[in-house]
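The values are calculated or read from the model by the stated rules, or taken from the named source; none is laboratory data. Small disclaimer: the values here were computed from a predicted structure and weren't measured. Heads up, the Cβs are rebuilt from the backbone with ideal geometry, glycines too, and the neighbour counts pull from every protein chain shown. Just so you know, the surface numbers come from the protein's heavy atoms only, side chains and all, with ligands and any DNA or RNA stripped out. Shrake-Rupley method; radii C 1.70, N 1.55, O 1.52, S 1.80 Å.
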Amino acid sequence: RVKELRERSNFRIENEKKLDDSFAVLQSVGQLHAERRALLQDPEVILPFLQPGRLVKVLAHDILDVEKYLGAKEYSLQHSCEEDDIEAEAKSLVERVCCAEKGVWGSVVNFKKVSARRGPKFLVDVLVATGGKASNFALREATAEDATPKVMTFDLARIDNLSKVRMYLPSDLKSLHTRVKLLTAISEVEKRFAADSLPLLDPEQDMKLKSKEYEKLARKLADLTDIVKAQDLGREDLKEGFTLLCKKSILKSMADAAKRESIASSSLVGKEELRARRRMLRKLDYVTS
């Protein structure tokens, strides 16, 4: 199994070094955005602005570091090695990296403080558009035809941006009719401004975030974003190359996991053989303990 996976991961990718560098830039952009959000999501900074009706952008996924993800994932001998499954996982990783800032706009309902292992944290209830079957459930744009309004709970880490726009929030959102009306209003706001150009609260001027680190991050983000735009790193042909990179990484991780499992199994077999020999020696009175 280890040999097979090693051989399958040993394929050539055209311009692999250049693709690897480009993919690293995209991951760096995502990481910088995550660091920016961490400053913005300081409860002292963000909580005063999470009033009911405030439009906020909720990220579709948490930040993803591909190397750490693959390193932490527990592949085993039972994990599927089918080409289609590995291809699907690789495409999913690429999509999460290339669309790290992909999110939807929703309306804040309320927020609450909860206890956690590392201390108290805050969760936000947001009315968002959802859709899809249970097996393929996902957030949707408010303007999507199959959008269904639902109040969902998110960690502060999933809040990407806050808009200056506040909606009138009905006192009772239990009624589907009421939720649909609110979602329709959000949809109209998106159409009026375009989803990517809603007026945002400025972290420094509006939210009074005083941090030199934020200024440094903003400059780094601006520089890297210019590189992404100049090189058009979101092109479909590049995504195909990124998918091959992730596929190779997945196969290597599976091979490493299979090797560790093989070593562990061999060690276990050796211990069992040793125990059996000891039992036999005791029966023959060669050992007393």
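So the values come out like this:
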item: Residues satisfying the stated conditions in the stretch 188-208, i.e. of a type outside the set (Asp, Glu), touching an Asp or Glu at 6+ places or on another chain (Cβ under 8 Å) and open to solvent by less than 30 Å² (accessible area, probe 1.4 Å); result: Leu198
item: Cross-chain or 6+ apart pairs with Cβ under 6 Å, the stretch 156-175 first and loosely packed, with under 14 Cβ neighbours inside 10 Å, then not charged (D, E, K, R); result: Lys164/Pro199; Lys164/Leu201
item: Which listed residue, of Ala100, Ala142, Ala116, is under 30 Å from Gln231 (Cα atoms), part of a loop (DSSP other than H, G, I, E, B) and modelled with pLDDT under 80; result: Ala100
item: Some residue of the stretch 43-54 being of a type in the set (Lys, Arg), buried (at least 16 other Cβ atoms within 10 Å of the Cβ), closer than 18 Å to Val104 by Cβ and within 21 Å of the chain's Cα centre (by Cα); result: no
item: Residue within the stretch 171-180 that is under 24 Å from the mean Cα position of the chain (by Cα) and not hydrophobic (A, V, I, L, M, F, W, C) present; result: no
item: Close pairs from the stretch 97-117: first open to solvent by 50 Å² or more (accessible area, probe 1.4 Å), partner part of a strand (DSSP E or B) and of a type in the set (Asp, Glu), Cβ under 9 Å, at least 6 apart; result: Asn110/Asp125; Phe111/Asp125; Lys112/Asp125
item: Complete set of residues in the stretch 18-33 that are within 20 Å of Asp65 (Cβ to Cβ), open to solvent by 60 Å² or more (accessible area, probe 1.4 Å) and either in contact with a Phe, Trp or Tyr (Cβ under 6 Å, 6 or more places away or on another chain) or of a type in the set (D, E, K, R) (or both); result: Asp20, Asp21
item: Filtered residue count, the stretch 58-74, keeping only those that are within 22 Å of Val128 (Cβ to Cβ) and either small (Gly, Ala, Ser) or out of contact with any Leu (no Cβ under 8 Å at 6 or more places or on another chain) (or both); result: 5
item: Any hit, the stretch 202-212, residues being part of a helix (DSSP H, G or I) and among the hydroxyl-bearing types (Ser, Thr, Tyr); result: no
